[in-house]
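Worksheet for the structure shown next.
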Amino acid sequence: MKGFFKTFFASLLALIIFTILCVFILIGLIAGASRSEKPLVGDKAVLVLDLSNDFKEQSEHNPVKALLNETEKEIPSLYDMVRLIHHARTDSSVKGIYILCGNNPNGFAASEELRKALADFKTSKKFITAYGETITQKGYYVGSIADKIYCHPQGGIEWAGFVSNLLFLKGLLDKLDIQPQIFYAGKFKSATEPLRETKMTDANRLQTSVWLGDLYSRFLEAAAESRKSDTATLRKLAVNGTIQTAYDAWTNGLVDGLKYDDQIKAILNKQLKASANATINFVSFSEYAKSVSFRQYGSERIAIIYADGDIVSGSGDNEQIGSDMYRNLIRKLRMDKDIKAIVFRVNSPGGSALASEVIWREITLARKEKPVVVSMGDVAASGGYYISCNADSVFANANTITGSIGVFSIVPNYESFFKNKLGITFDRVKTAPFADMGNSDRPLTEIEKRFFQAGTDSIYATFKTRVAEGRKKDTAYISGIAQGRVWTGTRGLEVGLVDRIGTLQDAVNCAARMAKTPDYSLSEYPEKKSFLEQLMGSYKRSVKKDLISEEIGEEPLQLLKQMKQVKQMIGVPQTRLPFMVTVN
């Protein structure tokens with residue numbers, strides 16, 4: 001027993017000492033992470049715009065990277081990137097921008113905002129050079145704004161037109177004896193097609209052809225303007241499959257030359273008026289953001305609220321728009337007299353109809369107190385449009401995907417699957433006929449189906465009414481442009497769903513004019529979490545995502561995310577876009 005206590009207390013003492021050491025180490029790391037020495041840009045700086053980075057709507061400090069001294073890998077937000085490019089235009093230490101345009105995971109509207117910022121940078125007469133070993137079409141969309149664009153001699157350019165792929169699960173569900181039991185309103189409401197069809201309906205094919213064609217036309221127009229060509233010639237190159245090699249891209253005028261990396265460096269040095277082998281002062285935008293003051297400061301305050309992700313009831317997580325959190329946030333800003341206007345940046349395919357209604361209500365109340373301006377990102381459709389429609393002014397990029405005013409509900413019936421595939425059966429005792437309505441272990445009765453369809457139709461009618469009131473249109477007119485139909489920002493402007501084509505900065509400028517506050521600072525929301533909250537949250541998300549991605553790969557991981565979305569839809573009326581659409 002004496003030996004036991006000796007070992008026990010020795011172990012306890014060691015644990016206490018270890019804990020104290022860990023606390024001091026953590027405090028040191030936090031203090032080190034919180035110290036931000038302002039790096040110098042240096043002389044003859046060339047900013048590096050790596051398009052392979054995914055520029056989120058709102059930047060999030062990653063304390064894990066801070067503790068590991070990897071803050072240079074933190075990626076600025078999309079709006080920060082735009083502001084940094086504008087700042088660099090008048091920064092004498094910056095001589096040019098070097099675009100790595102091989103890949104571009106950013107959406108078409110985000111790419112449009114970057115391209116406009118770069119076009120403004122060019123007015124300074126500073127150079128922009130773009131390069132990629134193999135260049136995707138979205139990479140080319142941004143990269144082609146450069147004075148010169150090059151690719152690797154053994155690389156090439158993707159030039160095959162755009163395609164939108166939709167995955168259909170009906171055949172799988174049939175094999176598993178699972179009946180989705182779908183209710184929807186709007187003939188173009190295609191979100192449930194993957195569960196009830198084996199291919200696109202005629203209505204969905206029509207609307208997809210239109211909005212995809214709009215995106216492609218804008219891509220060709222941008223390329224034609226930059227390359228001093230015409231859209232007919234560029235379209236023909238894709239139709240005929242002409243561009244198969246880097247040499248094809250060069251001989252057809254899509255790039256200015258075929259160069260290796262060392263040759264590109266020599267070109268940049270020539271533009272910097274330095275020797276061919278001189279070391280170039282490359283500065284990433286992450287480093288540049290820490291080196292300069294690029295945000296506007298003034299005596300008044302304008303709030304930017306970023307609503308990015310699926311719309312869900314409750315608090316949601318960092319990648320969702322939780323109705324409780326956003327209701328409270330908008331209410332707080334509405335009642336804050338120091339906030340003179342609200343800019344609501346929406347980048348969402350929608351989600352829960354009820355959650356969308358909750359947020360719509362708060363936007364409506366806020367509008368009575370101060371100007372509310374909506375800025376649409378890559379997508380602000382279905383529920384994303386629901387929460388946008390009642391603002392004082394609605395801005396969208398030309399490439400924004402919006403509209404999709406429609407509703408659907410899914411109530412799965414697993415009875416045959418359980419019985420025929422697993423040998424499981426169910427039985428029940430009820431005190432009322434509809435006590436188990438919506439249970440997934442039996443099919444709905446005809447009267448229950450009528451209940452669900454009536455509920456879906458009622459939400460759809462409310463949705464159209466909200467849009468009609470916000471857009472100051474007749475409900476009958478809104479019915480004609482609703483039906484779940486998807487529109488681009490340009491067509492949304494034509495039919496009255498959007499007020500202006502413009503960027504987030506244009507929306508901010510509009511809000512300042514409406515509030516009569518030319519001298520303002522921007523306060524961005526949701527606010528940053530505490531260091532420890534970020535530390536724990538970032539670690540958990542990073543580890544979970546990295547482990548799953550490492551085991552199964554990125555594409556299966558995306559499929560898992562889609563399946564998780566399907567699960568969240570079950571039994572909850574949805575105002576959202578199709579959940580498995582990609583554009584390449």
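The values are calculated or read from the model by the stated rules, or taken from the named source; none is laboratory data. Everything numeric in this text was worked out from a predicted model, so none of it was measured. Note that each Cβ is placed from the backbone with ideal geometry, even for glycine, and that neighbours are counted across all protein chains shown.
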Exercise. Which one of these does Asp230 not meet: (1) of a type in the set (D, E, K, R); (2) crowded, with 16+ Cβ neighbours inside 10 Å; (3) within 14 Å of Gly253 (Cα to Cα); (4) free of Cβ contacts under 8 Å to residues at least 60 places away in the same chain?
Worked result: (2)
For this session: Within the range 385-420, work out how many residues are in a helix (DSSP H, G or I) and touching a helix residue (DSSP H, G or I) at 6+ places or on another chain (Cβ under 8 Å).
Result: 2
Problem set entry | Pair list, Cβ < 7 Å and 6+ apart or interchain, from the range 250-276 residues that are farther than 14 Å from Gly96 by Cα to residues that are among the polar types (S, T, N, Q) | Asn252/Thr242; Gly253/Ser229; Ser275/Asn269; Ala276/Asn269
Problem set entry | Answer residue from the range 469-483, given it is surrounded by 16 or more Cβ atoms within 10 Å (Cβ to Cβ) and either outside any helix (DSSP H, G or I) or of a type in the set (Lys, Arg) (or both) and is modelled with the lowest pLDDT among those | Gln483
Exercise. Just a yes or no: is a residue in the range 341-350 of a type outside the set (Val, Ile, Thr) and assigned to a helix (DSSP H, G or I)?
Worked result: no
Seminar exercise, completed: Going through the range 140-186 in order, the residues found to be among the aromatic types (Phe, Trp, Tyr), under 27 Å from the mean Cα position of the chain (by Cα) and closer than 30 Å to Thr251 by Cα are Tyr140, Tyr141, Trp159, Phe162
For this session: Kindly indicate whether any position in the range 83-93 is closer than 25 Å to Cys151 by Cα, surrounded by fewer than 24 Cβ atoms within 10 Å (Cβ to Cβ) and among the basic types (Lys, Arg).
Result: no
Exercise. Do the conditions hold for Ser313, that is, is it surrounded by fewer than 19 Cβ atoms within 10 Å (Cβ to Cβ), touching a strand residue (DSSP E or B) at 6+ places or on another chain (Cβ under 9 Å) and within 30 Å of Asp457 (Cβ to Cβ)?
Worked result: yes
Problem set entry | Hits in the range 193-222 - residues which are under 22 Å from Tyr140 (Cα atoms) and either touching a Phe, Trp or Tyr at 6+ places or on another chain (Cβ under 7 Å) or basic (Lys, Arg) (or both) | Trp211, Leu212, Leu215, Tyr216, Arg218, Phe219, Ala222
Exercise. Listed residues Gln207, Gln181; which is surrounded by 15 or more Cβ atoms within 10 Å (Cβ to Cβ), modelled with pLDDT under 95 and at positive phi?
Worked result: Gln181
Seminar exercise, completed: The condition from (1) surrounded by 15 or more Cβ atoms within 10 Å (Cβ to Cβ); (2) in the same structural domain as Ile387 (by TED's automatic domain parsing) that Asn439 misses is numbered (2)
For this session: With respect to Lys116, determine if the residue is among the basic types (Lys, Arg), over 23 Å from the mean Cα position of the chain (by Cα) and not assigned by TED's automatic domain parsing to the domain that holds Leu504.
Result: no
Exercise. Among the residues of the range 135-148, is any in a helix (DSSP H, G or I) and polar (S, T, N, Q)?
Worked result: yes
Seminar exercise, completed: Only one of (1) aliphatic (A, V, I, L, M); (2) surrounded by fewer than 20 Cβ atoms within 10 Å (Cβ to Cβ); (3) at pLDDT 95 or above does not apply to Leu422, and that is (3)
Exercise. Is it true that some residue in the range 138-156 is among the polar types (S, T, N, Q), buried (at least 20 other Cβ atoms within 10 Å of the Cβ) and outside the structural domain of Thr251 (by TED's automatic domain parsing)?
Worked result: no
Exercise. Got a number for residues in the range 256-301 being polar (S, T, N, Q) and part of a helix (DSSP H, G or I)?
Worked result: 5
Exercise. Which residue, of Lys265, Lys270, Lys259, is of a type in the set (Lys, Arg), touching a strand residue (DSSP E or B) at 6+ places or on another chain (Cβ under 6 Å) and not assigned by TED's automatic domain parsing to the domain that holds Tyr520?
Worked result: Lys259
For this session: Please tell me if Ile459 is modelled with pLDDT of 95 or more, hydrophobic (A, V, I, L, M, F, W, C) and in a helix (DSSP H, G or I).
Result: yes
Seminar exercise, completed: All-but-one check, Ile321 against (1) in a helix (DSSP H, G or I); (2) under 14 Å from the mean Cα position of the chain (by Cα); (3) among the β-branched types (Val, Ile, Thr), failing number (1)
For this session: State whether one or more residues within the range 484-506 are part of a loop (DSSP other than H, G, I, E, B) and either among the basic types (Lys, Arg) or at pLDDT below 95 (or both).
Result: yes
Problem set entry | Candidate set from the range 367-409 (those that are among the hydroxyl-bearing types (Ser, Thr, Tyr) and buried (at least 24 other Cβ atoms within 10 Å of the Cβ)); member that is farthest from Ala454 (Cα to Cα) | Ser375
Exercise. Where in the range 175-255 are there helices (runs of 4 or more DSSP H), lying wholly inside it, with at least 3 residues that are closer than 30 Å to Ser352 by Cβ?
Worked result: 193-196, 202-227
Exercise. Is it the case that the range 379-388 has a residue that's polar (S, T, N, Q) and either in contact with a Pro (Cβ under 9 Å, 6 or more places away or on another chain) or not assigned by TED's automatic domain parsing to the domain that holds Asn347 (or both)?
Worked result: yes
For this session: Among the candidates Val64, Val82, Val94, single out the residue that is β-branched (Val, Ile, Thr) and at pLDDT below 95.
Result: Val64
Exercise. So Arg466 fits all but one of (1) at pLDDT below 95; (2) in contact with a helix residue (DSSP H, G or I) (Cβ under 8 Å, 6 or more places away or on another chain); (3) crowded, with 16+ Cβ neighbours inside 10 Å; what number is the exception?
Worked result: (1)
For this session: Check whether at least one residue in the range 329-339 is in the same structural domain as Ala396 (by TED's automatic domain parsing), in contact (Cβ under 8 Å) with a residue 40 or more places away in the chain and not in a helix (DSSP H, G or I), and report yes or no.
Result: yes
